[in-house]
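S.K.: Supplied in structure tokens, the structure appears directly below.
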Amino acid sequence: MEPRPETETNTSAKGLMLRAASASSLTLGLFAALTVGLITLTWVFTKARIDDQIRQAEIRALEEILPRADIDGSALYDNDLLKTRISIPVNKQLGSRTTAEGYAAFKGDTPVAVILPVVAPKGYSGAIHMLVGIKADGTLSGVRVTNHKETPGLGDAIEIIKSNWITVFSGKSLDNPQQKGWGVRKDGGEFDQFTGATITPRAVVLAVHNSLQYFEQNRDQLFQQGLKQLKQTRGDAHGQPDA
Amino acid sequence: MASPTPEAREITLNGLWNNNPALVQLLGLCPLLGVSNSVVNALGLGLATILVLAGSNLVVSLIRHQVNDAIRLPVFVMVIAALTTCVELLMQAFTYELYQILGIFIPLIVTNCSILGRADAFASKHPPGAAVLDGLMMGAGFALVLVVLGALRESIGQGTLFANMHLLFGPVAKSWSVVLVQDYKQFLFAILPPGAFFFMGLLIAVKNIVDNRISEAKKATQDKPSTGSKRVRVTGTVS
Amino acid sequence: MALIRQTSPHTRGAETTSRVMQLVMLAALPGLLVTTAMFGWGTFINLIWISLIAVGSEALVARLRKRPVAFYLRDYSALVTAVLLALALPPLAPWWLTLIGTAFAIIVAKHLYGGLGQNPFNPAMVGYVLLLISFPADMVNWLPAAGTPGYETLSFGQSLQAIFPFLGGNLDYDAITMATALDVVRENSSLTWSELQATNAALGGTFAGKGWEWVNIAYLAGGLFLLYRKVFTWHAPVGMLGALIVMSLVFKNGSGSDTHGTVLFHLLSGATMLGAFFIVTDPVSGATSNRGRLIFGAGVGILVYVIRAWGGYPDAVAFAVLLMNMAAPTIDYYTQPRTYGHKKPRKGLAKPEDR
């Protein structure tokens, strides 16, 4: 095609188009600003409540594993678990592959318990992630599964919403039952397997037992780290003990 | 562009039955199948969808004269995304546990085609009143299917109805749970994803049966007066 | 009548549908006998119960669809579905379990899609998978094979009571059931193959799992009979078994501590032979051309191994068959045989008229 000389109408059409385009992008920009404004407004109004909800949900989850009230009704611990996190290095006994976070519980400065992240690497379909609460004397306060891929209807009975099997661990320790008892019934242990599923409970029992051993060996170091964290948060709050 | 605004009755019928987004248009199936395993999940997502649909229809209808065709879709998408984000934040703030269960499906409301579909096909051509009604009714039609599917799957899968309603309505609703069968052996098929497809198929089939019955009944009543009439209509309809 | 519509060609093959179905049932007989000998009367009782349900469901649907009931029942296809289900289910599957599975197989998997010839999925396998994902705990109640030390084969009465619990008797399932050889291998994570064999009664067979090896050999014999009678071609079974052999050779890890089992073990365990000769050969839900059948079978074989070794369930024939059923139309599309006298088009070259 031959290049045609630019005519009057041609430039004005171009100008019209440009003007339309700039008007469009202006509208678009205006709407972008408006919608972002709407979201910001909602966010500002809900932020505090959302943070509070998340916190409460986390505390609820942790208190299921480590109830705040002792058997006699008194408070078992008085620190804020979410603020007393301890970092736990990669460890074979805990089955962890990355540094994970645990929690330490204190009454005053006295160590009361820890909550450890534990992984059972060989479930029926991959790893089973758990949180294990262990009191200072080495007894279990509670165990909960946080993540797993076990077969629905068989291995998923380790979830608290499916069955209460996981609660059998409360009160157990390295001496209760003895070493031999730490297995499923099929292997001569004390823990029930599920009908049709042995692998899953076997993996969980083994992982819990391992975590007890880990605690036995690392108790002092875990609580020292927790205490340091505890004092730091108290320092931030100007010496006020965290209720 | 300027088609006459349909009557409220027609809009309502369209949303709930004739043009139901889930049963007829088959839009938004991903969340529909994903969270319809119990009534509370279904209702939670259904309400959120109604909110976004009615809201986006209202906004789109209000701005329909200010936005030209070239940037129509991006603007609609922005409106829908903003409303969805707001609903997500609100759910997080007020029904946190339900929000955790519904998870990814709340932000995914953005991708529910029926919302952009209604914005473009209806709200951008009609005044705000009709647009809001359309959004409400389309949303209600979608939510209705969700809840029926949720009720079917929950009752057959777990033998309960309205379990865990307190996640949505607070502690008052704790007592709403109905145990249909004591010691019910879970029928996992209904709760797992394949069951969603199966029961959805059944619902669509039931709707088609009902529609067929209705049109047959109509035909029967229409045919009757023609007997004995002098004029015989051969083809077409006289309006 | 719409059903017996006569279209060309009008010459009929010697084998009618009912004749083929009868042959299939005959060929399954050795498998049934060996299963009964190894695992007690459960399968036998189940077969009768399931057949009743299957025929009942078929008649019910035929009536609902306003079709001639006798015509539908006479092709024996409902009975074949019943036989396959009975052979695939655990011997002590309770009556309500088989009722749900069979009714679903016939009513939903077969007739909702339009009846025999229209069903995209193998009805028996749909019924089996429905039960497996819905009631996994009841679907793993397998019995130890006859002659396993410490276990006794159940009597006829005991089996009957296990299947129909309202007849009285209370069996302790944990005491009479045992993990199958496939379970043992799937759950193994620390032992080598020879260690496994030494420590597990379920693996104490001559070639593979105790009892299971003979069951599979019986199905193999029945399958070869069907092949000899030209009920199906060799392609699908060879595809499936070949792929299974290749997969188990490649991933065997026989001397390692995470073994997935030997080649012979995979060939003679679980539902391998039942699947290879009675299920992937289904002319309705499988592929159509010979090349397609080979690919279809190979797909099943690969999936069976993958799910057995790494999946969430110990055996996988049903899952694998359903997945490949889904792929069958695509396989058919890409393996259309050339019409006689036509050549394959030369791809990638421009046609002369385009120049």
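S.K.: Please tell me if A:GLU64 is open to solvent by 70 Å² or more (accessible area, probe 1.4 Å), in contact with a Gly (Cβ under 7 Å, 6 or more places away or on another chain) and on the phi < 0 side of the Ramachandran plot.
M.R.: On the way: open to solvent by 70 Å² or more (accessible area, probe 1.4 Å): yes; in contact with a Gly (Cβ under 7 Å, 6 or more places away or on another chain): yes; on the phi < 0 side of the Ramachandran plot: yes.
Yes: the conditions hold for A:GLU64.
S.K.: Quick check on my filter: what residues within the range C:182-202 are surrounded by 23 or more Cβ atoms within 10 Å (Cβ to Cβ) and in contact with a helix residue (DSSP H, G or I) (Cβ under 6 Å, 6 or more places away or on another chain)?
M.R.: C:ALA202
S.K.: Something else: How many residues does the range A:67-85 hold that are open to solvent by 60 Å² or more (accessible area, probe 1.4 Å) and polar (S, T, N, Q)?
M.R.: 0
S.K.: Sticking with this structure for a sec: Given C:TYR128, C:TYR113, which one is under 30 Å from A:PRO152 (Cβ atoms), of a type in the set (Ser, Thr, Tyr), outside any helix (DSSP H, G or I) and not assigned by TED's automatic domain parsing to the domain that holds C:TYR219?
M.R.: None of the other options fit; the residue is C:TYR113.
S.K.: Something else: So how many residues does the range A:111-135 have that are within 14 Å of chain C (Cβ to nearest Cβ), in a strand (DSSP E or B) and surrounded by fewer than 23 Cβ atoms within 10 Å (Cβ to Cβ)?
M.R.: Residues in the range A:111-135 being within 14 Å of chain C (Cβ to nearest Cβ), in a strand (DSSP E or B) and surrounded by fewer than 23 Cβ atoms within 10 Å (Cβ to Cβ): 4 in total.
S.K.: From the set of residues in the range A:177-196 that are part of a loop (DSSP other than H, G, I, E, B), open to solvent by less than 80 Å² (accessible area, probe 1.4 Å) and closer than 28 Å to B:LYS185 by Cβ, which is farthest from the other protein chains (Cβ to nearest Cβ)?
M.R.: A:GLY189
S.K.: Can you tell me which condition B:LEU58 does not meet? The list is (1) surrounded by fewer than 23 Cβ atoms within 10 Å (Cβ to Cβ); (2) in contact (Cβ under 8 Å) with a residue 60 or more places away in the chain; (3) farther than 26 Å from B:ALA130 by Cβ, and all the others hold.
M.R.: (3)
S.K.: Name every residue in the range B:138-180 that is among the hydrophobic types (A, V, I, L, M, F, W, C) and open to solvent by 40 Å² or more (accessible area, probe 1.4 Å), in order of residue number.
M.R.: B:LEU144, B:VAL148, B:LEU152, B:ILE156, B:PHE162, B:PHE169, B:VAL172, B:TRP176, B:VAL178, B:VAL179, B:LEU180
S.K.: Do any helices (runs of 4 or more DSSP H) entirely within the range C:170-234 hold 3 or more residues that are under 15 Å from C:PHE278 (Cβ atoms), and if so, which?
M.R.: Once the helices (runs of 4 or more DSSP H) in the range C:170-234 are filtered for at least 3 residues that are under 15 Å from C:PHE278 (Cβ atoms), what remains is C:212-228.
S.K.: Just to confirm my filter: which helices (runs of 4 or more DSSP H) fall fully inside the range B:165-239 and include at least 1 residues that are at pLDDT 80 or above and among the acidic types (Asp, Glu)?
M.R.: Counting at least 1 such residues, we get B:193-226.
S.K.: Can you tell me how many residues in the range C:59-77 are closer than 17 Å to C:MET25 by Cβ and open to solvent by 50 Å² or more (accessible area, probe 1.4 Å)?
M.R.: Of the residues in the range C:59-77, 3 are closer than 17 Å to C:MET25 by Cβ and open to solvent by 50 Å² or more (accessible area, probe 1.4 Å).
S.K.: Out of (1) more than 13 Å from chain A (Cβ to nearest Cβ); (2) assigned to a helix (DSSP H, G or I); (3) modelled with pLDDT of 80 or more, what's the single condition that is false for C:ALA137?
M.R.: Exception for C:ALA137: condition (1).
S.K.: Select from the range C:203-234 the residues that are at pLDDT 85 or above and of a type in the set (Ser, Thr, Tyr) and write down the one among them that is surrounded by the most Cβ atoms within 10 Å (Cβ to Cβ).
M.R.: The extreme case among them is C:TYR219.
S.K.: Say we look at the range A:35-55 and pick out the residues that are more than 8 Å from chain B (Cβ to nearest Cβ) and not β-branched (Val, Ile, Thr); which of these is nearest to the chain's Cα centre (by Cα)?
M.R.: Checking each candidate, the answer is A:ARG55.
S.K.: Across the range C:3-59, what is the number of residues that are at pLDDT below 85 and more than 22 Å from C:ALA109 (Cα to Cα)?
M.R.: 13
S.K.: Now a separate question. Just to check your reading of the model, which residue among C:GLY168, C:GLY239 is under 30 Å from A:THR195 (Cβ atoms), small (Gly, Ala, Ser) and either open to solvent by 40 Å² or more (accessible area, probe 1.4 Å) or away from every other protein chain (no Cβ under 14 Å) (or both)?
M.R.: Result of the check over C:GLY168, C:GLY239: C:GLY168.
S.K.: Can you pull out every residue in the range A:56-75 that is assigned to a helix (DSSP H, G or I), more than 10 Å from chain B (Cβ to nearest Cβ) and among the charged types (D, E, K, R)?
M.R.: Passing the criteria: A:GLU58, A:GLU63, A:GLU64.
S.K.: Moving on to the next point. Hey, can you tell me all the residues within the range C:289-317 that are away from chain A (no Cβ under 14 Å) and open to solvent by 10 Å² or more (accessible area, probe 1.4 Å)?
M.R.: C:SER289, C:ASN290, C:ARG291, C:ARG293, C:LEU294, C:ILE295, C:ALA298, C:GLY299, C:ILE302, C:LEU303
S.K.: Mind checking which residues of the range C:95-118 are open to solvent by less than 50 Å² (accessible area, probe 1.4 Å) and at pLDDT 90 or above?
M.R.: Scanning the range C:95-118 gives C:LEU97, C:THR98, C:GLY101, C:THR102, C:ALA103, C:PHE104, C:ALA105, C:ILE106, C:VAL108, C:ALA109, C:LYS110, C:HIS111.
S.K.: Does at least one position in the range C:253-260 carry a residue that is in a helix (DSSP H, G or I) and either open to solvent by 70 Å² or more (accessible area, probe 1.4 Å) or not hydroxyl-bearing (Ser, Thr, Tyr) (or both)?
M.R.: Among the residues of the range C:253-260, not one is in a helix (DSSP H, G or I) and either open to solvent by 70 Å² or more (accessible area, probe 1.4 Å) or not hydroxyl-bearing (Ser, Thr, Tyr) (or both), which makes the answer no.
S.K.: Tell me the helices (runs of 4 or more DSSP H) entirely within the range B:62-136 that contain at least 2 residues that are farther than 30 Å from A:THR146 by Cα and facing another protein chain (nearest Cβ under 8 Å).
M.R.: B:72-94
S.K.: Of these, B:LEU32, B:LEU73, which one is crowded, with 24+ Cβ neighbours inside 10 Å and on the phi < 0 side of the Ramachandran plot?
M.R.: Numbers: B:LEU73 fails: crowded, with 24+ Cβ neighbours inside 10 Å.
One residue alone meets the criteria, B:LEU32.
S.K.: Same structure again: Consider the range B:181-194. How many of its residues are within 15 Å of B:GLY150 (Cα to Cα) and more than 9 Å from every other protein chain (Cβ to nearest Cβ)?
M.R.: Number satisfying all stated conditions: 1.
S.K.: Output the residue which, of all residues in the range A:136-167 that are open to solvent by 60 Å² or more (accessible area, probe 1.4 Å) and outside any loop (DSSP other than H, G, I, E, B), is farthest from A:THR110 (Cα to Cα).
M.R.: This residue is A:ASN147.
S.K.: Right, here's the next one. Condition first: buried (at least 24 other Cβ atoms within 10 Å of the Cβ), within 14 Å of C:SER159 (Cβ to Cβ) and either hydrophobic (A, V, I, L, M, F, W, C) or not assigned by TED's automatic domain parsing to the domain that holds C:VAL108 (or both). Now tell me which residues in the range C:17-55 satisfy that.
M.R.: C:PHE39
The values are calculated or read from the model by the stated rules, or taken from the named source; none is laboratory data. Keep in mind that this is a model prediction, so the values were computed, not measured. Counting neighbours? That spans all protein chains shown, and the Cβs are built from the backbone with ideal geometry, glycine included. We work out accessible area using only protein heavy atoms, side chains counted, and drop any ligands, DNA or RNA first. Shrake-Rupley method; radii C 1.70, N 1.55, O 1.52, S 1.80 Å.
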